[in-house]
1. Please give, to one decimal in nm, the separation of the simple spin-label points placed at residue 31 and residue 313, each 7 Å out from Cα toward the Cβ.
2. Roughly how far apart, in whole Å, are the Cα centres of the stretch 213-227 and the stretch 17-78?
3. Tell me, 290, 162, 246 in order of fewest to most beta-carbon neighbours within 10 Å?
4. Which shape class, rounded, prolate or oblate, goes with the stretch 236-327 when its Cα gyration tensor gives a ≥ b ≥ c as root eigenvalues, a/c under 1.5 marks rounded, and past that a/b bigger than b/c marks prolate?
5. Listing 87, 283 from the residue with the fewest other Cβ atoms within 10 Å to the one with the most, what is the order?
6. Points 7 angstrom from Cα along the Cβ direction at residue 324 and residue 240: gap in nanometres?
7. Assign one of three labels to the stretch 1-98, namely rounded, prolate or oblate, based on the Cα gyration tensor with a ≥ b ≥ c the square roots of its eigenvalues; rounded applies when a/c is under 1.5, prolate when it is not and a/b is larger than b/c, and oblate otherwise.
8. Output the peptides 53-61, 147-155 sorted from most to least packed, where packing is the average of other Cβ atoms within 10 Å over each peptide's residues.
């Protein structure tokens, strides 16, 4: 695609950009805007994997501009260092995709809970669909504490990204798992769902604060995509065995996207929209029809401004403690 030289070159920063949906989003942004129409910055934790991802993009798009900034979003010191580097490197950032995430499945499927929820429900079919589309109650998750004293999933998915500002979310957000009085989810069993719902809350709070400065936050969901996160649930060979079943299930569940290309649809779609005309209280979701056509739908976020504002203030207070070198509660 040719690029109008008078048009401002977009700068797109993507955390978790070395694989999966993040890497595919980078490639599709280059395709949509042209090799010289967008500058991609892959924000990654591992330098070798980042270089491999960069080389794969340049192999198919040799005239593209692809940079790397190393950030581990579970480490706030790393985030602050990387954020400073981004401010020096770019005069402006047009698109900031906060895509990096942690999903720690250390104890497998929660079979007893899953079966009891299905068979005790008045609508077992709907309950099963809900569990498979959100993951709620489906897995026995683990978590750990970082060297800085934060819960690993909270730090990686929510607080690390808090420093960088715009959010990418997931339909796996579970309102019932989040407690604003326990924002790190130290006392729960669904740290992933809790962190994702926290992102929904934070997005609303950010829009309340920053829309006047022409900064907009929108959450999006890639749906079920076979990535490094899903391989933590089942080995990839099991996913591929189940692939025909999931493709058939698209008749009922359109967010069984399976591929990173399908999953990136909402992320790329958002980059082409006027943010002022989008609903800041909606999540934008990638979908794939039974015949394989990609499309985007929106879903109203089940959040209120009040809890979002409270979470914002709590995260800001936590951030100020880091800046002052104070101990973390």
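What follows draws every value from the coordinates through simple rules; no lab data is involved. Since the structure is predicted, the reported quantities are computational estimates derived from the model, not experimental observations. Glycine also receives a Cβ, built like all others from the backbone with ideal geometry; neighbour counts cover every protein chain displayed.
1. Once both label points are built, they end up 4.6 nm from each other.
2. 17 Å
3. By the 10 Å Cβ count, ascending, the order reads 290, 246, 162.
4. It comes out prolate by the Cα gyration axes.
5. Exposure proxy ranking, most exposed first: 87, 283.
6. Going by the 7 Å Cα→Cβ label model, 5.4 nm.
7. oblate
8. Packing order, densest peptide first, comes out as 147-155, 53-61.
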